[in-house]
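Student: Before I ask anything, let me first share the structure, which is written out below as structure tokens.
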Amino acid sequence: MPDDTAHGARRDDRPDASRRVRLSRTFDEDAELYDRARPGYPPDLYDDLAELGGAGPGSRVLEIGCGTGQATLPLAGRGFRITAIEAGPSMAAVARRNLDGVPEVEVVTADFESWPLPDDSFDVVFAATAFHWIDPAVRMTKAAEALRPGGALAVVRTQHVNGGTEEFFVEVQRCYERFDPDTTPGTRPPEAADVDGSDHAGEVARCGAFGPTAFRRYEQDLTYTTAEYLELLQTYSGHRALPEAARNGLLACVAGLIDGRYDGRVTKRYLIELAVAHRR
């Protein structure tokens, strides 16, 4: 199941247990939209994964939360043998379609928490902006159990940071404050330099099954038309969970701002973080 990338209006990426489960189910409601609207990852990320994870052609990879296969396809292109777990049946169906004819890839529809691990261990456990949706009581220990000694846990996290069309992301807060009661007034995207991976590294360390965490970071700016940006917003779990009237009002407000003040185009800056730790 994919991530709800932070977008500067609210944060759903650290929800409590009940909210986490409820929000995680929203992605499967429109898998085709998700597949169309969500961006992929920089090619350098896969180079760094191979380097830091010690992975190469023939390596066995367990992908947690493959979504519609945006990261699975580039991984398969490196010759990895992939078992991709996806909890959403619609998302998994689109992933199978996107990966049709790609050898050495199996897409399994299952929750990672309840999926029985195979007898053969994996060289890499990989999760692209999906790991935080997994039960924190299970995710680290089960990932460790899935890996061979020396195998790598590779977690990708994505966040919206300051940059791109900066003034738009200041002004759009008025739309969120009007239509979304969970919005924190005055929210702004953080500076990339102020975002660190200490929370993830701390969780890895507390598990006790892994060595130190190595990080790589990437920034990318993506420009959206009004229609494209509205499609992107409709893939975020927090937006999908809003009552229909509030969601429609929010989207209309955002569209009016982009068309009226920004000539129908805005640029969003993403910070993408790859964290790799090896099983002891």
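Quick note: the coordinates plus some simple rules give every number you see, no bench work behind them. Keep in mind it's a predicted model, so treat the numbers as computed, not measured. Note that we place each Cβ from the backbone using ideal geometry, even for glycine, and neighbour counts take in every protein chain shown.
Student: Quick check, is Ala152 buried (at least 22 other Cβ atoms within 10 Å of the Cβ), in contact with a helix residue (DSSP H, G or I) (Cβ under 7 Å, 6 or more places away or on another chain) and over 26 Å from Asn248 (Cβ atoms)? Don't jump to the end; show me each part of the working.
Tutor: Values: buried (at least 22 other Cβ atoms within 10 Å of the Cβ): yes; in contact with a helix residue (DSSP H, G or I) (Cβ under 7 Å, 6 or more places away or on another chain): yes; over 26 Å from Asn248 (Cβ atoms): yes.
Yes, satisfied.
Student: State all residues of region 160-173 that are out of contact with any Ser or Thr (no Cβ under 7 Å at 6 or more places or on another chain) and not in a loop (DSSP other than H, G, I, E, B); if no residue qualifies, say none. Give the derivation first.
Tutor: Keep residues of region 160-173 that are out of contact with any Ser or Thr (no Cβ under 7 Å at 6 or more places or on another chain), which gives 161-163, 166-172.
Val161, Glu166, Glu167, Phe168, Phe169, Val170, Glu171 - these are the residues of region 160-173 that are out of contact with any Ser or Thr (no Cβ under 7 Å at 6 or more places or on another chain) and not in a loop (DSSP other than H, G, I, E, B).
Student: Follow-up. Could you tell me whether region 39-50 includes any residue that is of a type in the set (A, V, I, L, M, F, W, C), within 18 Å of Val105 (Cβ to Cβ), more than 18 Å from the chain's Cα centre (by Cα) and part of a helix (DSSP H, G or I)?
Tutor: Checked against the condition, which is being of a type in the set (A, V, I, L, M, F, W, C), within 18 Å of Val105 (Cβ to Cβ), more than 18 Å from the chain's Cα centre (by Cα) and part of a helix (DSSP H, G or I), region 39-50 yields at least one hit.
Residue-by-condition table, conditions (1) assigned to a strand (DSSP E or B); (2) among the basic types (Lys, Arg); (3) at positive phi; (4) within 16 Å of the chain's Cα centre (by Cα):
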residue: Arg19; (1), (2), (3), (4): no, yes, no, no
residue: Arg25; (1), (2), (3), (4): no, yes, no, yes
residue: Asp35; (1), (2), (3), (4): no, no, no, yes
residue: Thr68; (1), (2), (3), (4): no, no, no, yes
residue: Arg97; (1), (2), (3), (4): no, yes, no, no
residue: Pro103; (1), (2), (3), (4): no, no, no, no
residue: Glu113; (1), (2), (3), (4): no, no, no, no
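Student: Just need a number here: residues in region 31-67 that are over 25 Å from Ser121 (Cβ atoms) and in contact (Cβ under 8 Å) with a residue 40 or more places away in the chain.
Tutor: Of the residues in that region, 12 qualify.
Let's see how each residue does on (1) surrounded by fewer than 13 Cβ atoms within 10 Å (Cβ to Cβ); (2) closer than 25 Å to Asp48 by Cα; (3) out of contact with any Cys (no Cβ under 7 Å at 6 or more places or on another chain):
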| site | (1), (2), (3) |
| --- | --- |
| Gly202 | yes, yes, yes |
| Tyr218 | no, yes, yes |
| Thr225 | no, no, yes |
| His239 | no, no, yes |
| Leu274 | no, yes, yes |
| His278 | no, yes, yes |
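Student: For region 121-148, how many residues meet the condition of being farther than 21 Å from Pro74 by Cβ, part of a loop (DSSP other than H, G, I, E, B), within 20 Å of the chain's Cα centre (by Cα) and not β-branched (Val, Ile, Thr)?
Tutor: 3
Student: List pairs: first residue in region 115-137 and at positive phi, second residue assigned to a loop (DSSP other than H, G, I, E, B) and not polar (S, T, N, Q) anywhere in the structure, Cβ distance under 7 angstrom, at least six positions apart or on different chains.
Tutor: Thr129/Pro2; Thr129/Asp3
Student: Name every residue in region 159-200 that is polar (S, T, N, Q), closer than 24 Å to Glu51 by Cβ and in contact with a strand residue (DSSP E or B) (Cβ under 8 Å, 6 or more places away or on another chain), in order of residue number.
Tutor: Scanning region 159-200 gives a single hit, Gln159.
One line per residue, one yes/no per condition, for (1) part of a helix (DSSP H, G or I); (2) under 27 Å from Met140 (Cβ atoms); (3) hydrophobic (A, V, I, L, M, F, W, C):
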site: Ala154; (1), (2), (3): no, yes, yes
site: Cys175; (1), (2), (3): yes, no, yes
site: Arg178; (1), (2), (3): yes, no, no
site: Asp199; (1), (2), (3): yes, yes, no
site: His239; (1), (2), (3): yes, no, no
site: Ile258; (1), (2), (3): yes, no, yes
